[in-house]
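Note sheet for the following structure.
The values are calculated or read from the model by the stated rules, or taken from the named source; none is laboratory data. Predicted model only: the values in this text are computed from it and were never measured. All Cβ positions, even for glycine, are placed from backbone atoms using ideal geometry, and neighbour counts span all protein chains on display. These area figures cover heavy atoms from the full protein model, side chains too; ligands, DNA and RNA do not enter into them. Shrake-Rupley method; radii C 1.70, N 1.55, O 1.52, S 1.80 Å.
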Amino acid sequence: MANGTHIRIKDIAEKAGCSIGTVDRVIHKRGKVAEPVRERILQIIKELDYKPNVNARVLASKHTLILGILLPSYKKGEYWELPRLGISEAIERYNEQGYNIEARWFTYNSAEKFHTEGMKMISEEIDGIILNPATYKESVRLVRTFFQNNKPFILIDSDIHGTPSLSFIGKDPVQSGLTVAKLIHQMTRHITGRKKVWTINLASSPNQSYALLAREIGFMNYFADKELQEDYAFRTIDMDDKGTQKVVDEQMEDLLSSENPHAIYVTGSRVHKIAGSLKKFKPDPKPLLIGHDLIPRNIERVKDETIDFLIEEEARRQGYLAVESMIRSLTYKEAIQKKQMMNLMIYTRENLPLYPGKPGR
């Protein structure tokens with residue numbers, strides 16, 4: 001290109017197959033970058049005749065960007081720790097590169113608390129908001145207020161279709177359900193007779209219900225589209241997770257006393273609790289067990305093969321990209337892709353990552 005001032009760091013990152021942060025580190029000679037990646041980026045910079053935008057750099061180094069983060073409350077080792085780690089890692093890396101980014105954290109455990117905490121961000125000097133939406137009604141109410149007060153926001157993990165967000169970063173939960181259904185079909189199709197399949201929605205708070213139900217819808221659609229209903233006997237079980245393994249064991253003991261399913265799909269990250277019950281009661285043969293998310297307790301159950309397949313939607317990377325996208329939008333005035341869809345990865349004991357959940361770059 002003739003004029004390098006029109007080239008964006010994003011263009012270089014896409015051409016090099018790395019993150020914007022990696023390109024930024026090479027340009028400003030900060031932090032560690034693998035030598036082959038550094039050389040590739042420098043070659044692309046030369047080819048594109050890239051010239052840094054000095055004015056934008058001065059703005060980034062002098063203005064403190066305040067981000068409001070609104071996520072569900074969680075205990076250590078649970079799912080929502082992953083996107084929070086990604087957000088924290090992105091903020092730390094950008095601050096190391098000369099930016100001034102501050103996070104103000106808000107959490108909720110009910111739709112009402114979601115709305116209350118979100119409204120607090122209106123009166124504070126917050127430049128942009130990263131959030132996971134609760135129920136549809138409360139999310140629309142809050143988004144309306146964000147829009148009226150010119151507060152840009154990014155949704156992660158769950159989308160509310162049609163909202164004026166800068167971006168949605170996550171995975172279509174219906175597609176996740178379709179993927180699990182195909183796995184179960186392929187793994188059980190050889191079994192003679194009608195195969196028994198359970199879908200378990202195990203949740204502790206109402207904010208989780210959208211993603212779980214959307215996965216179940218995708219799951220059902222696969223078998224309906226393939227006209228396989230006659231080959232399978234389906235059962236959906238909605239469980240309240242009261243926080244102890246004992247409560248789950250009691251429910252599972254009662255369920256297993258009436259039948260032993262061929263496969264169990266747990267639509268959320270608490271699949272380790274169902275795995276714990278299977279280890280305790282030892283149904284024979286053990287049902288195929290599939291669930292979601294690379295949290296520590298799930299990883300342990302994959303290692304001992306109580307969980308057969310674990311579906312991962314790059315939760316930690318979602319948080320990282322949300323911060324990166326907000327910086328690009330607010331500091332560099334870049335147009336942000338409306339939907340940034342994560343990869344869907346399937347893990348077994350044989351291919352568990354050494355460093356689960358770390359954002360790729």
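Cross-link partners among aspartates and glutamates for Lys303, C-alpha distance below 12 Å, same-chain residues fewer than 8 apart left out? Excluding near neighbours in sequence, the set is Glu350. Ala211 sits among other residues whose Cβ lies under 13 Å from its own Cβ, and their net charge, with Lys and Arg +1 and Asp and Glu -1, is -3. With a 1.4 Å probe rolled over the protein heavy atoms of all chains, the accessible area of Lys120, Lys195, Lys15 falls in the order Lys15, Lys120, Lys195, largest first.
Computed from the C-beta positions of Asp49 and Asp238, the FRET efficiency with R₀ = 45 Å rounds to 0.15. Scoring 99-106, 235-242 by mean Cβ neighbours within 10 Å over their residues and listing the highest first yields 99-106, 235-242. Cross-link partners of Lys46 among lysines, defined as those whose alpha carbon lies under 19 angstrom from its own and excluding same-chain residues fewer than eight positions apart: Lys10, Lys15, Lys29.
Where Lys and Arg each count +1 and Asp and Glu each count -1, what net charge lies around Leu344 among other residues with Cβ under 10 Å from its Cβ? That works out to -3. Compared with the dominant principal axis of the Cα atoms in the chain, helix 209-225 is inclined by about 60°. Among Ser325, Ser165, Ser123, whose mean-square fluctuation peaks in a Gaussian network model of the chain (Cα, cutoff 10 Å)? Maximum fluctuation in the GNM of the chain, among the listed residues, is at Ser123. Over all Cα atoms in segment 297-347, the spread is summed up by Rg and Dmax: 16.0, 48 Å. Of all the options His161, His115, His185, the one that moves most in a Gaussian network model of the chain with Cα springs shorter than 10 angstrom is His161. Of all DSSP beta bridges confined to the chain, the antiparallel ones make up roughly 5%. To the nearest ten degrees, helix 173-188 and the longest principal axis of the Cα atoms of the chain are 40 degrees apart.
Spin-label model, Lys32/Gln175: points 7 Å from Cα along the beta carbon direction are separated by 3.3 nm. Can you give me the C-alpha center-to-center distance between segment 70-112 and segment 225-286, rounded to a whole angstrom? Centre-to-centre (Cα) distance: 32 Å.
Counting only lysines at least 8 places from Lys196 when in the same chain, those with an alpha carbon closer than 23 Å to its own are Lys182, Lys226, Lys273, Lys279, Lys280, Lys282, Lys286. Specify which labelled value, from (1) 41, 24, 18; (2) 50, 22, 15; (3) 34, 28, 20, agrees with semi-axes √(5λ) of the Cα gyration tensor in Å derived from the coordinates of the model shown. Working out semi-axes √(5λ) of the Cα gyration tensor in Å from the coordinates points to (1).
With R₀ fixed at 35 Å, the C-beta to C-beta distance from Arg194 to Asp249 puts the FRET efficiency at about 0.80. Stretched out straight at 0.36 nm per residue, the stretch from Arg349 to Lys280 would grow longer than its current Cα-Cα span by 22.8 nm. Of all the options Pro283, Pro72, Pro133, the one that moves most in a Gaussian network model of the chain with Cα springs shorter than 10 angstrom is Pro283. Sorting Val23, Val247 by solvent-accessible area of protein heavy atoms yields Val247, Val23, largest first, with a 1.4 Å probe.
To the nearest ten degrees, helix 271-281 and the longest principal axis of the Cα atoms of the chain are 30 degrees apart.
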